[in-house]
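For reference, the structure is listed below as structure tokens.
Just so it is clear, none of the values below were taken in a lab; they were calculated from the coordinates. This one's a predicted model, so the numbers in the text were calculated from it and none came from an experiment. Note: ideal-geometry Cβ built from the backbone for every residue, glycine included; neighbour counts use all protein chains shown.
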Amino acid sequence: MQNRTLKDHWLLVLKGIAMGAANKVPGVSGGIVALATGCYEELIFSLKRLDRKAIRLFFLGDYKTLFHYSNLGFLGRLFSGVILSYFSISLLIDYGLRSYPIEIWSLFFGMILASLWSVSKSLTSWKRDQIIAAILGLVVGLSLCLQKPMMPNPNLFFVFFCGVISITGMTLPGLSGSFILLLLGNYKLLLVDTVNALFFGLLDIFQGNWETAFQSEQLFYYSIMLVFGLGSIVGLSLFSNLLSYLLEHYKKNTLASILGFIVGSLPLVWPWKNQLTTTAVWEQLYLPKTAIILPILCIIAGLLSVLIIDYYGQTKSVRTAG
């Protein structure tokens with residue numbers, strides 16, 4: 001667990017806000033924000049510590065040991081940003097995608113291009129294993145772009161499955177959890193309708209409108225959110241342990257496969273595409289003809305934002321080492 005200043009604590013919340021906003025955008029991964037902002041490995045290893053020992057410490061009442069063992073200070077600040085984002089910044093992202101889609105996609109495209117550079121810095125040499133891993137990641141990323149979305153399905157077992165699968169966007173850079181939900185047909189149900197219903201339900205409770213807050217339609221969305229949340233918790237546990245093992249024992253191969261996957265999934269965030277509906281991503285891409293200056297500036301802004309954060313992380317590491 002790192003020693004952090006007050007500024008670092010607030011920066012963690014901001015990183016969480018960025019991760020939450022990214023997670024709601026089909027094609028953008030919250031994990032890639034964690035990777036680009038330098039907190040990815042700590043996130044994975046902290047999530048790994050939410051294990052049986054952590055549960056035992058909780059029931060024994062040894063909260064101080066639990067706090068340090070599972071790095072709860074880091075996780076608490078990061079995920080408080082994620083939750084805050086779902087009810088604030090992500091609403092702005094939703095508005096931006098409706099009103100200024102090309103500019104918003106351009107911003108994310110620039111951020112992801114910069115993250116490629118951030119990941120590649122860890123791969124100083126390319127051996128045969130890393131090349132094979134990168135090619136496999138590239139193939140998987142490209143294959144996602146060939147898939148067509150399914151129809152919506154509110155079945156609770158399927159919603160639980162959606163939670164398990166979609167949370168990979170938080171742990172695996174390049175794999176967009178919201179895009180997975182889009183392919184599974186439940187993006188609008190889970191990340192738009194349910195989140196909005198929960199927000200207005202909490203608002204009704206705060207205002208004392210109990211009858212409105214607990215009407216049948218609201219209860220349906222509450223059950224959907226609960227099951228989806230349980231699936232996400234299970235998914236976080238499964239994937240964080242797997243990725244922690246891979247990063248610990250096969251770090252270069254894992255990073256190479258992530259790099260290839262991000263490259264393969266770039267069409268998901270290509271700024272000039274039609275809105276994702278019932279066709280594969282490849283069928284929606286086109287080249288810009290006019291009004292490209294502002295999108296290019298947005299791409300540059302996305303690049304610079306990640307590079308500045310990366311520079312801050314490097315200088316902080318140098319100061320710590322010194």
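Structural remarks
- Stokes-Einstein diffusion for region 6-321, with the hydrodynamic radius set to the Kirkwood value over Cα pairs and evaluated at 4 °C in a medium of 1.567 mPa s, equals 63 µm²/s.
- Label-to-label distance, nm, for residues given as residue 205 and residue 135 (7 Å Cα→Cβ offset): 5.3 nm
- Over 20 Å between alpha carbons, listed pairs 24/121; 121/252; 24/188; 148/188; 7/252: 24/121; 7/252
- Exposure proxy for 187, 286, 250, 86: other Cβ atoms within 10 Å of each Cβ, ordered fewest to most, give 286, 250, 86, 187.
- Kyte-Doolittle at least 0.0, axis length at least 24 Å by Cα - qualifying DSSP helices, the chain: 6-23, 101-120, 128-144, 216-249, 293-321
- The modelled label-to-label distance between residue 223 and residue 308, using points 7 Å beyond Cα along the C-beta direction, is 4.8 nm.
- Taking other C-beta atoms within 10 Å as the exposure proxy, 5, 254 rank 5, 254 from fewest upward.
- The chain - mean residue ellipticity at 222 nm from DSSP helices (-39,500 (n - 2.57) per run, n ≥ 4, rounded to 500): -23000 deg cm²/dmol
- Given R0 = 30 Å, the distance between the Cβ atoms of residue 146 and residue 88 translates into a calculated FRET efficiency of 0.30.
- Rounded to the nearest 20 debye, dipole of region 6-321 from Cβ charges on Lys, Arg, Asp, Glu: 880 debye
- Simple spin-label estimate for residue 53 and residue 283 in nanometres, 7 Å along Cα-Cβ: 5.1 nm
- Separation between Cα centres of region 189-235 and region 48-115, rounded to whole Å: 20 Å
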